[in-house]
Amino acid sequence: MLKSLTPQPKPKLVCLCQARDWDAVRKRVSNFPQEATPSHTAIRGTSSTVLSIALRLGAPKHVLQDLQQANPHNVGVTHKSRGSLLHDALRYRTSEEVLDLVFRWTIEYQQSVLGSFGSNRNRYGHGPSYLVMFQQVHIQENRIVDDDLLGARDDLGRTVLHCLVECIQNSLLEPQRRKLMHIFDLLLQVHPDLVGVSDSDGNSPLVLALASPKPTIPELASQLEMLIHRMTMTMIELSPTMAFHVKSLGRPKSTPLSLGERGTMRSPLYHAILHGRHERTVETLIQGYHQLGINGCSTIVTPHYEVCLHVAVTMRAQHSVLRLIAKDYPKATTAGDVFGLNPIDWLWITHVKG
């Protein structure tokens, strides 16, 4: 006969967080800081830490600070599906004040994992020896804290940079969150390699930014194009090689995004043209390819052997964009696709017959 398992009662601190009784939470964590210690299931990545629960339920900044002080290793625990605490802060639309706090904690914790934890203990007596013990627990549970905490992924394979790009896109409708570009700049300065990491669908943060849908309100559309251009320019400037390369799960090495392979559809330039990005963004991408010695406009970007000019014509791109592409790769005007049609043929079909 199988023995029935009695579910373990929730810790009092977790119950108070779920009740959103934040004054009681502060009092409880002050008297019983051990309740803020990550559970074994949280360390395995199958349940949440008390800090993550409080953050997702909208706890005020001072409550989160008390929980973090009680056990600083809550920041280093990642969930198998949701990713890191910084993923949660971005996904649950926390205030910029809280987001900045979690970002700083993540940076500090990553430095501590790399060996610069420091000799000062906090008010709960946690020091370097406690960090070593915590890492041993992770090894036993097969959930080792990675040195690259900022590189943690969620179940969609997305890093915090992917999530941050989406938050910046949505910030147009949230005036209180329009300072996200500051965190974007800091994140890339600390970890520029995140630019070249793709999610489970093969999209890099740059491609995700370029594929943003256009708002129907002209003013918002103009603001979005400015944000996309700035993000594109920043990613290319800080990580020019990784911006046009992708590292995916299961790939031991970086694979060029666009080297003329049939069916390659992750070219940033392709997505910029396909989604009608501004002329300045397209020009920035073309120049970025030139830095790597690649002519992005000559790349075959669809299974139909189309180059970028084919796509620009069929998508009715602005004349300035057509001129940019044709000037960068004049041979594109006579390049035939799988049907033997060149961009001039498609120009006639799209604008005259269409």
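If you check A312 against the conditions, is it open to solvent by less than 50 Å² (accessible area, probe 1.4 Å) and assigned to a loop (DSSP other than H, G, I, E, B)?
Details: open to solvent by less than 50 Å² (accessible area, probe 1.4 Å): yes; assigned to a loop (DSSP other than H, G, I, E, B): no.
So A312 fails the test.
Any chance the stretch 12-29 includes a residue that's assigned to a helix (DSSP H, G or I), within 28 Å of D154 (Cα to Cα) and touching a residue at least 60 places away in the same chain (Cβ under 8 Å)?
no
Does A317 count as closer than 22 Å to G288 by Cβ and not in a helix (DSSP H, G or I)?
yes
Are there helices (runs of 4 or more DSSP H) fully within the stretch 55-117 with at least 3 residues that are of a type in the set (A, V, I, L, M) and closer than 21 Å to G151 by Cβ? List them.
Per the criteria, 85-91, 96-111.
Using the structure shown, decide if N74 is within 25 Å of C167 (Cβ to Cβ) and either of a type in the set (S, T, N, Q) or over 28 Å from the mean Cα position of the chain (by Cα) (or both).
It is true that N74 is within 25 Å of C167 (Cβ to Cβ) and either of a type in the set (S, T, N, Q) or over 28 Å from the mean Cα position of the chain (by Cα) (or both).
Look through the stretch 31-46, keep the residues that are outside any loop (DSSP other than H, G, I, E, B), touching a residue at least 40 places away in the same chain (Cβ under 8 Å) and not charged (D, E, K, R), and return whichever of them is surrounded by the fewest Cβ atoms within 10 Å (Cβ to Cβ). Steps first, please.
To start, the set of residues in the stretch 31-46 that are outside any loop (DSSP other than H, G, I, E, B) comprises 31, 33-36, 40-44.
With the extra rule that they be touching a residue at least 40 places away in the same chain (Cβ under 8 Å), the set shrinks to 33, 40, 43-44.
Retained after the next criterion (residues that are not charged (D, E, K, R)): 33, 40, 43.
Working: P33: 19, H40: 12, I43: 24.
So the residue we want is H40.
Hey, among the residues in the stretch 256-290 that are in contact with a Lys or Arg (Cβ under 8 Å, 6 or more places away or on another chain) and modelled with pLDDT under 90, which one's nearest to G157 (Cα to Cα)?
Result: L257.
Inside the stretch 67-86, can you point out the residues that are aliphatic (A, V, I, L, M) and either in contact with a Leu (Cβ under 8 Å, 6 or more places away or on another chain) or open to solvent by 10 Å² or more (accessible area, probe 1.4 Å) (or both)?
L67, V75, V77, L85, L86
Would it be correct to say that V246 is modelled with pLDDT under 95 and either in a loop (DSSP other than H, G, I, E, B) or among the β-branched types (V, I, T) (or both)?
yes
The values are calculated or read from the model by the stated rules, or taken from the named source; none is laboratory data. Predicted model, so just to flag it, every value in this text is computed and none were measured. Because the Cβ atoms are built from the backbone with ideal geometry, glycine has one as well, and the counts that use them run over all protein chains shown. Calculation scope for accessible area: heavy atoms of the full protein, side chains included, ligands and nucleic acids excluded. Shrake-Rupley method; radii C 1.70, N 1.55, O 1.52, S 1.80 Å.
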